[in-house]
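Have a look at the structure below, then the notes.
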Amino acid sequence: MAGKFPPWLRRPWASGETFGLTKGIVDDLKLHTVCQSAHCPNIGECWANGTATVMVLGNTCTRNCTFCSVPSGKPVFDDPSEPKNVAQAVKRMGLNHAVVTTVVRDDLPDGGAKHIAETIRHIHAVNPRTTVEILVSDFHGDKDAIQTVLDAKPEVFCHNIETVERLYPKIRDRRFTYRAALDVLRIARNTNKHTIVKSALMVGNGETPDEVRATLQDLKDAGCEAVCIGQYLQPTKQQADVEEFVHPDQFAEYETWAYDMGFPFAVSAPFVRSSYKSELVLETDYAKQKLGLKEASTATS
């Protein structure tokens, strides 16, 4: 175990009127957020800035990763109005960039791909100037399911590698594999030329810097264009222990490695999460040129 939090991991809790308004929108539309379910340390800042990352397909995951506090079990959620409600939440929050994530739904034939695609389309229809990032599961490698999501034209397609290959058996559900995660990114990059392909990984689980470097290279080779690296923080006592609090200097070195490998976008810092300030990837010249964006998004996520 890593022990007490170091100074760089201490931050004030944000609240205030905007925080309450954000929570009110989420509650009113009966939406789930990864901010709440995953006990994200950035929830205070993000909600105080008027944004939240919605989690579709319910609040129960069919897989059980040891680092994740999202409830695991047999899902009972089935809300056909959710895509419309998510689009309304984006409108009411006034987001220029919306991030949507999902639980894993192995119980559904397509893993929930059609529902996810419908959510993306509703967001774009109700908010024509809003860009969308979707964070998905591996769909058991089902190319048709992945293509269904891509056909909805999200500006950013994200599937998180989460950790280095050696630690997969320790912190990931056995149905996830490192190579399958790379395959999802490879499929997305090879079958869609108008979406930024993104991934993220946590550090502090016992990996070595050399393993992080190797993972970055694997992501680059798979076609990943944007990568995020952040500190793993134990959501509750039921999740895996933190093995190390990685120093900010090491995070800076990881970011340098990523750019040296040729990633168009990389961000690495203790509080980085794949959905945190995710609009920054679309502010790069690379993304603007690839997606034909006339101006960068300004709302935080």
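Just so it is clear, none of the values below were taken in a lab; they were calculated from the coordinates. Keep in mind it's a predicted model, so treat the numbers as computed, not measured. Counting neighbours? That spans all protein chains shown, and the Cβs are built from the backbone with ideal geometry, glycine included.
Test of understanding: in a Gaussian network model of the chain with alpha carbons linked when under 10 Å, which of TRP47, TRP257, TRP13 would top the mean-square fluctuation ranking? With Cα springs under 10 Å in the chain, the top fluctuation among TRP47, TRP257, TRP13 is at TRP13. Note on the chain: with a GNM built from Cα contacts shorter than 10 Å, the maximum mean-square fluctuation among LEU150, LEU108, LEU282 falls on LEU108.
Label 7 Å along Cα→Cβ of ASP173; the range 266-293 residues with amide nitrogen under 20 Å? Flagged as within label range: 274-275.
Would you mind finding the longest exposed-site-free stretch of the chain, with exposed trypsin sites (Lys or Arg not before Pro) meaning DSSP loop and at most 13 other Cβ atoms within 10 Å? Mind dumping the intermediate values first?
On the way: sites that count: LYS4, ARG10, LYS30, ARG129, ARG174, LYS193, LYS237, LYS294.
The segment 31-128 is the longest one with no such site.
Run the numbers on the chain and let me know its relative contact order in percent, using alpha-carbon pairs under 8 Å that are six or more apart. Show your work: numbers first, answer last.
Numbers: 581 pairs, mean separation 51.5, N = 301.
Relative contact order, the chain: 17 percent.
Normalised by the number of residues in the range 46-160, the average gap of Cα pairs under 8 Å and 6 or more apart makes the relative contact order 26 percent. Simple spin-label estimate for TYR259 and ASP106 gives 4.0 nm between the two label positions (7 Å along the Cα-to-Cβ direction from each Cα). Rounded to the nearest 5, the antiparallel percentage of DSSP beta bridges internal to the chain is 5%.
What length, rounded to one decimal in nm, is gained on full extension from LEU291 through to SER69, with 0.36 nm per residue of separation minus their alpha-carbon distance?
On the way: separation 222, 0.36 × 222 = 79.92 nm, distance 3.44 nm.
Length gained, LEU291 through SER69: 76.5 nm.
Backbone geometry of the range 63-73 corresponds, through the Karplus equation with coefficients 6.51, -1.76 and 1.60 at θ = phi - 60°, to 3J(HN,Hα) couplings of 10, 9, 7, 6, 8, 10, 9, 5, x, 10, x Hz, x marking Gly and Pro. Ranking of SER275, SER15 by neighbouring Cβ atoms within 10 Å, starting from the fewest: SER15, SER275. Calculated translational diffusion coefficient of the range 145-195 (10 °C, 1.306 mPa s; Stokes-Einstein with Kirkwood radius over alpha-carbon pairs) equals 133 µm²/s. Residue exposure proxy: LEU233, LEU95, ordered by other Cβ atoms within 10 angstrom of their Cβ from fewest to most, comes out as LEU233, LEU95. Under 25 °C and 0.890 mPa s, how fast does the range 1-73 diffuse according to Stokes-Einstein, given a Kirkwood radius computed over C-alpha pairs? Answer in µm²/s, whole number. Estimated diffusion coefficient is 178 µm²/s. The rule of thumb for compact globular proteins, 2.2 N^0.38 Å, goes into the C-alpha radius of gyration of the chain 0.93 times.
For the range 174-238, take the convex hull of the Cα atoms, compute a quarter of its surface area, and give me that in nm², please.
Numbers: hull surface 21.7 nm².
Convex hull of Cα atoms, orientation-averaged projection: 5.4 nm².
In what order do THR131, THR33, THR18 fall by count of nearby beta-carbon atoms within 10 Å, going from fewest to most? Before the final figure, lay out each step's value.
Details: THR131 27, THR33 22, THR18 15.
Fewest-to-most ranking of THR131, THR33, THR18: THR18, THR33, THR131.
Put a dot 7 Å past the Cα of LYS91, heading toward its Cβ, do the same for LYS30, and the two dots end up 1.9 nm apart. Here's how it looks for VAL132: its modeled amide H is under 5 Å from those of ALA98, GLU155, VAL156, which are all 5 or more places away or on a different chain.
Which whole number in µm²/s is D for the range 47-196 by Stokes-Einstein, with the Kirkwood Rh taken over Cα pairs at 25 °C and 0.890 mPa s? Don't jump to the answer; show the numbers that get you there.
Details: Rh = 15.8 Å.
The Stokes-Einstein estimate is 155 µm²/s.
Note that the range 54-59 has calculated 3J(HN,Hα) couplings of 6, 10, 9, 6, x, 10 Hz, one per residue in order, obtained from phi through the Karplus relation 6.51 cos²θ - 1.76 cosθ + 1.60 (θ = phi - 60°); glycine and proline are x. Convex hull volume of the Cα atoms of the range 76-117, normalised per residue: 79 Å³. Structure note, pairs LYS170/LYS198; LYS143/LYS220; LYS23/LYS288; LYS74/LYS170: Cα-Cα distances above 28 angstrom occur for LYS23/LYS288.
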